[in-house]
Amino acid sequence: MQNGAKQKAHISFSLNGEACEVAFAPHKTLLEVLREDLALTGTKHGCELGECGTCTVLVDGKSILSCLMLGLDAAGRRVETIEGMAEGAQLHPLQETFADTGAAQCGYCSPGFMLVAKELLEKSAKPTRDEIKEALSGNLCRCTGYIKIYEAVELAAAKMRGEAMELPRESLFGIET
Amino acid sequence: MSSNGNNGKPLNVVGKPFRKVDARAKCTGQTKFADDIVLPRMLACKILRSHEPHARIKNIDLSKALALPGVFAIVTGKDFPIPYGILPVSQDEHALCIDKVRFIGDPVAAVAAIDEDVAFDAMNLIEVEYERLQTITSIEEGLLVEEPRIHEYGDGGNVHKKVSLEFGDVDEGFAEADLIREDTFFYEGNTHLPMEQHAAVAYFDSDQKLTLWSATQTPHYVHRALAKVLEIPASHIRVIATPNGGGFGGKSDPFNHEVVVSKLAMITGRPVKCTLTREEVFYCHRGRHPVLMHLKTGVTKDGAITAMHFKSFLDGGAYGSYGVASTFYTGALQTVTYEVPRYKFQGARVFTNKPPCGPKRGHGTPQPRYALEVHLDKIAEQLNLDPAEMRRQHLAPPNSVTANYLRIGSMGLGACIDKVVEGSEWKKKFTWSNPQSPIRNSQSRKGIGIACSSYICGAGLPIYWNNMPQSGVQLRLDRQGGVCVMCGSVDIGQGSDSILAYIVAEVLGIDPFDIRVITADTDLTPVDLGSYSSRVTLMTGNAAIQAAERARELLTLAVAEKLGVPIENISFAERRAFDVENPEVGVSFAEAIVLAESKFGTIGTVGSYTPPRSPGKYKGAGVGPSPAYSYSAAVAEVDVDPATGIVTVERIWIAHDIGKSINPALVMGQVEGSVYMGLGEILMEEMSYRANRNVVHKFPSMLEYKSPTTLEMCDVKTYLIEDPDPNGPFGAKEVGQGPLLPVPPAVANAVYNAVGVRIDEVPITPEKVLKALREKEKGRDPRFGPTAVPNTDWPEPLHVLTPAEGGDGREMPRVSVHS
């Protein structure tokens, strides 16, 4: 068969903290390798053209669009996906706050947003609202209007700093009437 | 006011900002969307789509494609002779085109192959010979060009539907007016752009039954369409709607790829998956109709409306879809916000060679709402009235029936206006004589504008005529203490699965996370019509209350007997059933089930919901009635740069009459998301086509189809108004769509307030603002927008006497004129 005759590529890399080996058709993007060859379907796709940010993963700690990176280029590198965010059964603070605030409505863009936010919080423990907007500006969300996402990132940042913080009442109930 | 489910007891779950029941799965990547489904031996499907906008199919040559190794099957239009469509009156789609193609993107052939690469290669080896036909590219052409017809049905030529309705004597109303104003508006089409591309997987399994997993908002309608087109009994088909990665109305039609993968699975005996590319999602469309509108309104000096005549012209694209309903919706809800004693509506939908339009968030109502609210702003200026005050003075009364026979229940718009006026410091900021002179310089100009709106909480009538409930819920309680709620509704991100859990938990006195929720599976769940028309919370909520109350009754009987207390003493809370007079006397919830199962056998109950009958009986009265109406008011504050025409929306204050929040945090999310989507529509989003006869979509990609990022999204100040509606579960009304509606006109009115130009065409792009500013500089009409609507023959209107005129909701007999 035309396609089956192609030699598969074989790479080793670190995936969510574990050593990983995988063989795949060499033209595949990292997105395809993760979803199709490693069954990690938590990484989503919205355009497969680098336009929407949905497929974001972290490579060596930096957010990249997995639809624009060849799987081959992941060789020897450290890749982190949504499936690797939690420590065992303990969710990452961003996962907790995205769930608590309703920052994940349909949830389709959420993995990408959370990974970009993780990168941000690793660089900056207390980002301003404007810094959060700037960092997330490459990711599209059609459900939330982004507001609950900002709030989730701010809450997670506070949690990670060890500070007690709650959402203002008006975020959850509207302005007091 | 008493509402369903409440009975005056304190609420433990309803009204609290719980997590969604599926939140953890969504935040850990575990939610299985349609494209995440992988089955052994699964084949990949690709669909060849037309690159011609309007053409006869002369020949299709599959020989090269079939010869490609790895190809398992190819189907074409002749494999799908039976048409389908969402509305019974517009069964005009074939899964693959048979004799002709009607837009660029129309499906022609489909391949099932060993993998997506082979399917793609095979698709490109299919040779199709077309004979081009003249294209119909606009509303005007749709009205004027009779041949060639895009479809062989409709109201003549390329007119799909024409409607004409008159409620009361409109001329009499205009005669009573102190001012009659006429305006023309255009609202460009735009699309849903859900982040998830549509996908479907079909499997024809060993017992010769078909299972389809699909990202659909309406599994019940897909189920019906599959049975019809595939000619197999519906009982042999199982449709499972996967959680939708955003819907917004774009996944509400039965789609060709769903039918195609089903057929290919039947032919090949293997599972088949089709995932659309983003470009194909643009061609699926079913989004906002472009609508050209003309309004004529008579008002008294204080702004009371005496009569209104609304005309709308819809560019429907290439198929019917929901279009007949969309057409009626452009004329239905004008009457539920302000009192309109006499009302005339004329609407026409035409077919054009573009991707089909359909229902997008607000279905058919954002366009007329934008036109009406900008029109009212102009009237307020002419009368020198405060536009907020003018609206506030003339609200449609609660518990009333409108001129077009819509029954309004609770009506919180007055409170909504008060909140946004107060919050935005409207009275301090707003004046008609904006002292800033809007000439070109580098200074930006600030302005403020207001608009209001209303939306249905579920369509009063189902899409196909029947006397059955619109929503069903089944509840199973097991002796281990488990509660499982089953319902055909689909979670598209709005939280409908969670709403079921919250409501059942409230009634049974347990925690929502104790409950297992199974939804959107036609084999396992009772029918719910789907996630559209903002119907889900109200309808599934009422059905869930009924099912849970029936279960509670069984438990109550068993527990009362066991405790030896009267049944009216038994209450449920904190996972216990107890004697209200001696709360320590009681049993655990699980024990209560054991007692009930011992007494009655296996415990299962059902609940269902049918909306109340509408008072309207005239032909066309089916669109607009709803068990309840939600209300919204918004104030927008904008900054316009006269040098560039760029409009920056800084903040929107929005108040939404929710009736009662089942979960206020989810309500807030819907309000903010609606504001966002309205902002995108007013500032940038448009489905537009190259200005030549080829009707090529200008930009079927997410990069070029502009939608707001974090950098464009404005600040939102939200107020929730709780005025429980007697028809809502615990008094709840809708929130998924309504809050979008006031945003576009509030922004348009604010732009006028900032720089003194009217942009009577959506979206308000910098180019349009600059053009209008230039007109203003030259001393001409400071506006950008259409100046006229086409002349067309309308059918003689159906005359309906209004309730105030003693009408009974029926049309008057036609008077034949003898010469």
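Every number here is computed from the coordinates shown, using simple stated rules; none is lab data. Keep in mind that this is a model prediction, so the values were computed, not measured. Don't worry about glycine lacking a Cβ; one is built from the backbone with ideal geometry, like all the others, and counts go over all protein chains shown.
For a Förster distance of 22 Å, can you work out the FRET efficiency between the beta-carbons of B:Val580 and B:Thr602, rounded to the nearest 0.05?
Step by step, r from the Cβ atoms, then E = 0.20.
Using bins 5 angstrom wide from zero, how does P(r) for region B:469-609 break down, in % of all Cα pairs?
With a bin width of 5 Å, the distribution comes to 2, 12, 22, 22, 17, 12, 8, 5, 2, 0.
Determine the distance separating the Cα centre of region B:598-656 from the Cα centre of region B:690-706; give it in Å without decimals.
Measuring centre to centre over Cα atoms gives 31 Å.
Output the relative contact order of chain B, whole-number percent, from Cα pairs under 8 angstrom with separation of 6+ residues.
Relative contact order, chain B: 17 percent.
Please enumerate, by chain and number, the aspartates and glutamates with C-alpha under 19 Å from the C-alpha of B:Lys599, excluding those fewer than 8 residues away in the same chain.
Straight-distance partners of B:Lys599: B:Asp478, B:Glu549, B:Glu553, B:Glu561, B:Glu568, B:Glu591.
What is the percent of Cα-Cα separations in chain B that go past 46 Å?
25 percent
Setting aside same-chain residues fewer than 8 positions from B:Lys46, which lysines have a Cα under 20 Å from its Cα?
Within the straight-line cut-off, B:Lys46 pairs with A:Lys28, A:Lys44, B:Lys64, B:Lys78, B:Lys100, B:Lys251, B:Lys263, B:Lys273.
Quick one: if you take sqrt(5λ) for each eigenvalue of the C-alpha gyration tensor of the protein assembly as shown, what semi-axes come out, biggest first, whole angstrom?
Semi-axes, largest first: 41, 37, 31 Å.
At R0 = 41 Å, how high is the FRET efficiency between B:Arg651 and B:Gln393 if r is their beta carbon distance? Nearest 0.05 is fine.
Given R0 = 41 Å and the Cβ-Cβ separation, E is 0.95.
Using only Cα atoms, find the angle between the long axis of helix A:147-160 and the longest principal axis of chain A, and express it within 0 to 90 degrees, rounded to the nearest 10.
Computed tilt is about 90 degrees.
Based only on other Cβ atoms within 10 Å, what is the fewest-to-most ordering of A:His27, B:His697?
Ascending number of Cβ neighbours within 10 Å: A:His27, B:His697.
Going by C-beta contacts inside 10 Å, put A:Glu163, B:Glu279 in order with the fewest on the left.
Numbers: A:Glu163 10, B:Glu279 16.
The order, fewest Cβ neighbours first, is A:Glu163, B:Glu279.
Just to confirm my numbers, what's the Cα centroid distance between region B:754-801 and region A:130-161 in Å?
Taking the Cα centre of each part, region B:754-801 and region A:130-161 sit 38 Å apart.
Could you let me know the centre-to-centre spacing of region B:136-154 and region B:53-96, using Cα atoms, in angstrom?
24 Å
For chain B, just give the cysteines left without a disulfide-compatible partner, judged by no other Cys Cβ under 4.7 Å.
By the Cβ distance rule, which asks for a partner under 4.7 Å, the isolated cysteines are B:Cys27, B:Cys97, B:Cys284, B:Cys357, B:Cys416, B:Cys452, B:Cys457, B:Cys484, B:Cys487, B:Cys714.
For region B:469-609, what's the relative contact order in percent, using C-alpha pairs closer than 8 Å and at least 6 residues apart?
34 percent
Modelled label-to-label distance, B:Asp302 and B:Lys209, 7 Å Cα→beta-carbon offset: nm?
It works out to 6.6 nm between the two label points.
In 5 Å bins starting at 0, how do the alpha-carbon pair distances of region A:9-84 split up by percent?
3, 19, 32, 29, 14, 3, 0
Using 7 Å Cα-to-Cβ label points, what is the B:Ile82/B:Glu425 separation (nm, one decimal)?
6.5 nm
With +1 assigned to the C-beta of every Lys and Arg and -1 to the C-beta of every Asp and Glu, and no other charges, what is the dipole magnitude of the protein assembly as shown about the Cα centre in debye, to the nearest 20? Please list the in-between numbers first.
On the way: 102 positive and 122 negative charges, 166 e Å.
Rounded to the nearest 20 debye, it is 800 debye.
Please arrange B:His236, B:His394 by counting, for each residue, the other beta carbons lying within 10 Å of its beta carbon, fewest first.
Sorted ascending by nearby Cβ count, the order is B:His236, B:His394.
Say the dipole of chain B comes from +1 at the beta carbon of Lys and Arg and -1 at that of Asp and Glu; which of B:Leu210, B:Cys457, B:Cys416 then lies farthest toward its positive end?
B:Leu210
In degrees from 0 to 90, rounded to the nearest 10, what is the angle of the helix A:110-123 Cα long axis to the longest principal axis of chain A?
Its long axis makes an angle of about 80 degrees.
What GluC sites (Glu not before Pro) does region B:693-771 have in DSSP loop regions with at most 11 other beta carbons within 10 Å?
Answer in residue order: B:Glu704.
Please report the antiparallel percentage of DSSP beta bridges with both residues in the protein assembly as shown, rounded to the nearest 5.
Of the beta bridges lying entirely in the protein assembly as shown, close to 75 percent run antiparallel.
Which length gain, in nm to one decimal place, applies between B:Leu39 and B:Thr709 when the Cα-Cα distance is subtracted from 0.36 nm times their residue separation? Present the calculation step by step, with values, prior to reporting the outcome.
Values: separation 670, 0.36 × 670 = 241.20 nm, distance 3.58 nm.
Here the segment from B:Leu39 to B:Thr709 would lengthen by 237.6 nm.
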